[in-house]
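Down below is the structure, laid out as structure tokens.
Quick note: the coordinates plus some simple rules give every number you see, no bench work behind them. Worth saying up front: this structure is predicted, and the values here are computed from it rather than measured. Note that we place each Cβ from the backbone using ideal geometry, even for glycine, and neighbour counts take in every protein chain shown.
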There are 4 protein chains.
Amino acid sequence: MTVTTRHRVKFFDTDVMGVAHHANYIRWFETGRVEFLRAVGIDLNELMSDGILFPIIEIDARFHAPARFDDDLEIATTATALTRAKMQFRYEIRRVGEEKILTEGTSTNVFTHDGKICRLPEKYSARLSKGLT
Amino acid sequence: MTVTTRHRVKFFDTDVMGVAHHANYIRWFETGRVEFLRAVGIDLNELMSDGILFPIIEIDARFHAPARFDDDLEIATTATALTRAKMQFRYEIRRVGEEKILTEGTSTNVFTHDGKICRLPEKYSARLSKGLT
Amino acid sequence: MTVTTRHRVKFFDTDVMGVAHHANYIRWFETGRVEFLRAVGIDLNELMSDGILFPIIEIDARFHAPARFDDDLEIATTATALTRAKMQFRYEIRRVGEEKILTEGTSTNVFTHDGKICRLPEKYSARLSKGLT
Amino acid sequence: MTVTTRHRVKFFDTDVMGVAHHANYIRWFETGRVEFLRAVGIDLNELMSDGILFPIIEIDARFHAPARFDDDLEIATTATALTRAKMQFRYEIRRVGEEKILTEGTSTNVFTHDGKICRLPEKYSARLSKGLT
């Protein structure tokens, strides 16, 4: 299952080198992740109201070509692991309608309750597992 | 009382037009405000642990000249009102060692407790009043 | 003429006080402004390739109620002045489907060429004037 | 050679989960990298005025523990490769005075001229090589 979402590059996303600043792609990975989770029925506000947080413990990214102001980007998000202990996602960012990957990367997050690592409650993990199909 | 603090302009502060993006000055006003409050003995983590928040209700800014990557900026913060109901600050941002104001502006914030407007507890307002001298 | 565009509040838009950080609304005003200009046929990349920049010289904002993570916001942008010397816009930000204004504000920008104030070339001002109808 | 620089965590660095947003560490790696290069005599404005850019092609980060509002952070930057073709840095971020690493990571960048990969001119590479001692 791949979930795609869009982001139009803003002036405030760019830097003096004329391209989108590389740290922003990490933010756009998050945008992709939130939409992926929404697509499988996981509402992160619901998780937070249950006292569950989902800190990122690892990210990486490879930047192949720059995005520029006003580029219409597509963030394609797939899951490589979705368990009650962690979630791993893979992201590919392209201009809409183009084959070439501009930036790709991965993230891993765990779940915490009261600041301690926890396992995701059953009611969420059932929905989450749909994301691996 | 004027409190000055510094900010070196980062790549991620700039945009494709080659200058610091205007929304960042609003963030730097906050940096000035936090340091002003620290100087009078107000620790915002202490306020938050007492359940008090301090939402901004109004800001304005006038941008006279741009800051660029790696500029060493000085944020001068003065208070124009510091009561148990609100705080008003005025900011001037210059390059270190220069007279010319690059950006100036003001902010107003109130205090809230459980999402409702409140008056600042006595223990804070006594410290705060030092800021108007 | 009012142009509306959408922004879903991201984790990276929020702060420890649980709401969207106030400086982000200034960024969202820009999102509204860019979409307004697109709607009247002004492509800011075209302006930049003609050597014309459009620095903001003044902004203000009034924050009436907070936006939170995942809120679906609507940015309504109208023009109050569109001349060859400056553009002034007014913004209202609401949750989609709600009457209440969360944040409202204005911006003024001028045009520059080689770092000097200039008048907008005819080919752009003709398009721009449509925005006041 | 290790160059350390400081960053005080701002409200606008935090998110609704009460900690510094993970994408900001990628920005702070940049702050460390710029200060490292300044320490060996490389002024990035000088590089840019020579038409040389230095795009990031790869980053990774591991997040061990969160930073919070107003934490005083120390970014320790070391170089693992500094050639005329690329720069690789390693970063460790801690609270000032603490042993525990909050976040660590690496970055790789190349050099470009007119959008094409290039080798760094001699005048810079001589300075740069000091950074590996």
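Annotation: aspartates and glutamates with alpha-carbon distance below 15 angstrom to B:LYS100 (same-chain offsets under eight excluded): B:ASP71, B:ASP72, B:GLU74, B:GLU92. Annotation note: GluC sites (Glu not before Pro) in segment B:47-103 located in DSSP loop regions with a Cβ neighbour count of at most 11 within 10 Å are B:GLU99. Label the protein assembly as shown by shape, choosing from rounded, prolate and oblate, from the square roots a ≥ b ≥ c of the eigenvalues of the Cα gyration tensor; if a/c is under 1.5 it is rounded, and otherwise prolate applies when a/b is larger than b/c, oblate when it is not. The shape class here is rounded. Which trypsin sites (Lys or Arg not before Pro) in segment A:31-133 pass both tests, a DSSP loop state and at most 10 other beta-carbon atoms within 10 Å? Within segment A:31-133, the qualifying trypsin sites (Lys or Arg not before Pro) (loop, at most 10 other Cβ atoms within 10 Å) are A:LYS100. The charge dipole of the protein assembly as shown, taken about the Cα centre with unit charges on the Cβ atoms of Lys, Arg (+1) and Asp, Glu (-1), comes to about 0 debye, rounded to the nearest 20. Sorting B:THR103, B:THR31, C:THR106, A:THR80 by the number of Cβ atoms found within 10 Å of their own Cβ, with the fewest placed first, yields A:THR80, C:THR106, B:THR31, B:THR103.
Inter-chain neighbour count for C:45-55: the average number of beta-carbon atoms from partner chains within 10 Å of each residue's beta-carbon is 2. In straight-distance terms, cross-link reach from C:LYS123 covers every one of the lysines whose alpha-carbon lies under 17 Å from its own, apart from those fewer than eight places away in the same chain; here that gives C:LYS86.
Residue by residue through D:2-9, how many Cβ atoms from other chains fall within 10 Å of the Cβ on average?
Other-chain Cβ atoms within 10 Å of each residue's Cβ, averaged: 1.
Over chain A, DSSP H runs of length four or greater, each weighted -39,500 (n - 2.57), average out per residue to a 222 nm ellipticity of -7000 deg cm²/dmol. For segment D:12-133, relative contact order (Cα pairs under 8 Å, six or more residues apart, normalised by length) works out to 29 percent.
Determine the shape class of segment A:2-132: with a ≥ b ≥ c the square roots of the Cα gyration tensor eigenvalues, call it rounded for a/c under 1.5, and otherwise prolate if a/b is greater than b/c, oblate otherwise.
Since a/c reaches 1.5 and a/b is larger than b/c, the shape of segment A:2-132 is classed as prolate.
Note on D:22-32: average number of Cβ atoms from other chains within 10 Å of each residue's Cβ is 6. Cross-link partners for D:LYS10 among the lysines, with Cα-Cα distance under 20 Å and sequence neighbours closer than 8 places in the same chain left out: B:LYS10, C:LYS10.
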